[in-house]
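Notes follow the structure.
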Number of protein chains: 2
Amino acid sequence: MNFNRELFVLNNSIAELTTSIEDYFSNRSFDQSPDNLYEPINYIMSSGGKRIRSVMTLLGFHGYSDDYSKALPLAYATELFHNFTLVHDDIMDEAPLRRGKPTVHSKYDENSAILSGDVMHAHVFKILSDLISPSALDIVRRFSETAILVCEGQSYDMAFEDKEEVGMEEYLDMIEKKTAVLIGFALESGALLADAKPPHANHLYMFGKNAGIAFQLQDDYLDLYGESFKVGKQKCGDIIQKKKNYFFVKAMELLDDEERINFKELYNSQMHSQERVQRVLNIYDDLYLKNYIAESKAAYMDLAFSHLSFSGYDSNKVDIIKKMAASLADREL
Amino acid sequence: MNFNRELFVLNNSIAELTTSIEDYFSNRSFDQSPDNLYEPINYIMSSGGKRIRSVMTLLGFHGYSDDYSKALPLAYATELFHNFTLVHDDIMDEAPLRRGKPTVHSKYDENSAILSGDVMHAHVFKILSDLISPSALDIVRRFSETAILVCEGQSYDMAFEDKEEVGMEEYLDMIEKKTAVLIGFALESGALLADAKPPHANHLYMFGKNAGIAFQLQDDYLDLYGESFKVGKQKCGDIIQKKKNYFFVKAMELLDDEERINFKELYNSQMHSQERVQRVLNIYDDLYLKNYIAESKAAYMDLAFSHLSFSGYDSNKVDIIKKMAASLADREL
């Protein structure tokens, strides 16, 4: 087998999915009244993003059935939900920019952002309940459970800001809820819509959830070592904002009592941010945290792939989904 | 027939429903983590309120089936949704008090109020998708459609603040969406759960929606002429906040061009509020607006009762629901 040729086919498959998604999305823009409510939704939905959750939904479907265009409404609902959470999270985080553009509450106002988010959330369930499938009610139930976990994850993340210390277990639980379960659900819901057997769909969920944790760990990694400016993000933003991310939590775990006190003091100090960032990075280097995070990511990807092998996913198509997951965990942007 | 005895039975029926609701609600409080997310929900859900939408859900069920306790989860979901909208509306309106107590965002903070509201919304759909009924998916679909309308109604209401003039048609459309459709849906969903025929359930929805408009008109009336202080509301709060309610809209419709200009100027003036309120009230009196609103209310109630007569509602039980609707439209608090 010609490896390069295979890679070309795989890349093409993902590109084809993404094109289908963008075509479908552009036809689904909200043209109803009131404008105040729907314009912010069209704004955020057309502001780009990698459409990872939509691609995952189509890939979930694709493993058990051929015509993935049937899963486009579901793929749209998943992305609409994700964008709703971004709109509300950005209010809570007082974030001025997202994907290099003003956030919804900055461009419009906070009330519009709250209400447009709420109606996005309601539209998600309208789309799901319109699915013509014997699994529609199961998909609604699993989506609502996922939505609950996502809110719980965001709540833990906000609570971490006021906590002095966060344990690794708590941290991993938070990112699982806030980020990973939705990636898992995107795959699972696609599988359910394609009439996959429930245990198969569940293994696909576990595949996605564990790949999603690796994906978030990569996010933490890229914040420090990536070319974040290319996607409009501030380099080392997590350190500057004193976020309790993987690196902070791991450092706290590895340092001895005295070092831990000094590190915490440094992390929370009012020192000029350039100098503080450099000193924090030095500690991370001394502790070889890059190695720890790489190991942790690899372990989650192994677990993910083990679940994938139990998922009954079409063996002729499984390379595409493997590649997609690997590319998420190793992405550079 | 002894009229007093009948009234006693009717009152008892509503009281019995309310007791069932409160018992059920007190057993459904959220005891899961994180506290930051769920405590505000327990706070608002236990802060009283008339539970109108829950009573309506049970009454919707009761007209087609006997054991209304089967509809308690649905009644709870309807009330949970209503309270979610209150939590978010209170942020948008910067309201400090609700039912005489601090609003969620005042007692906790705005971020908690946003996120707790979001998870309430998600829990609503979880409860609906757990209903064991062949109508569960229909109920989810109708609920999501209702939720969309409620958001649209709130959006129109906010937009009215920045509009100089609002026509009666727009105003009635706004209160229909913001308030009335949820009352209609509460009844409809109860009926669907009790396996009522869809056209019957739809007539019950129309009954509830039109009674809901009358209910909201009564709200506007009570703001001016009720004993609002008893429920912790400011008397003539709508005039003080310069809200475009029924009275404002009707006055604008009835006044001639010159009077309209003066009235608008008065309504929006910086004049000491006591004097402004009195002058506005005088204009309303001169225009006999009390009569207009009473007529309008009566017309909506007539329409409501006409729909009720087509709804196939159990004739042995219909007096209870008629009384409940009439008491909403004529309530004094």
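Of note:
- Once Rg and the Kirkwood radius are both taken over the C-alpha atoms of the stretch A:231-325, their ratio Rg/Rh works out to 1.16.
- When the pairs A:K126/B:K101; A:K178/A:K242; B:K101/B:K209 are compared against a 26 Å limit on Cα-Cα distance, A:K126/B:K101; B:K101/B:K209 fall above it.
- Taking only the C-alpha atoms of the stretch B:3-329, the Rg (one decimal) and the largest Cα-Cα distance, Dmax (whole number), read 20.3, 61 Å.
- Euclidean distance of C-alpha centroids, the stretch B:268-333 and the stretch B:148-188, integer Å: 16
- Kirkwood estimate for the protein assembly as shown, i.e. one over the average of 1/r between Cα atoms, Å: 27.2
- Backbone amide hydrogens, once placed in the peptide plane, bring B:Q234 within less than 5 Å of nothing, excluding anything fewer than 5 places away on its chain.
- Using a 7 Å projection from Cα along Cα-to-Cβ, the label point at A:D285 is separated from the same position in the remaining copies by 8.2 nm, smallest value first.
- Radius of gyration and Dmax over the Cα atoms of the stretch B:106-156, both given in Å: 13.7, 42
- Peptide A:136-146 is shielded by partner chain Cβ atoms: per residue, an average of 5 of them sit within 10 Å of its Cβ.
- Computed Kirkwood radius, in angstrom, where 1/r is averaged over Cα pairs of the stretch A:151-236: 14.3
- Relative contact order, whole percent, for the stretch B:3-329 stands at 19, derived from Cα pairs under 8 Å and 6 or more residues apart.
- Cα convex hull of the stretch B:78-186 - mean projected area over all directions, nm²: 7.7
Any read-out appearing in this document is the output of simple, stated calculations on the displayed coordinates, not a laboratory observation. If you're wondering where the values come from, they're calculated on a predicted model, not measured in any experiment. Note: ideal-geometry Cβ built from the backbone for every residue, glycine included; neighbour counts use all protein chains shown.
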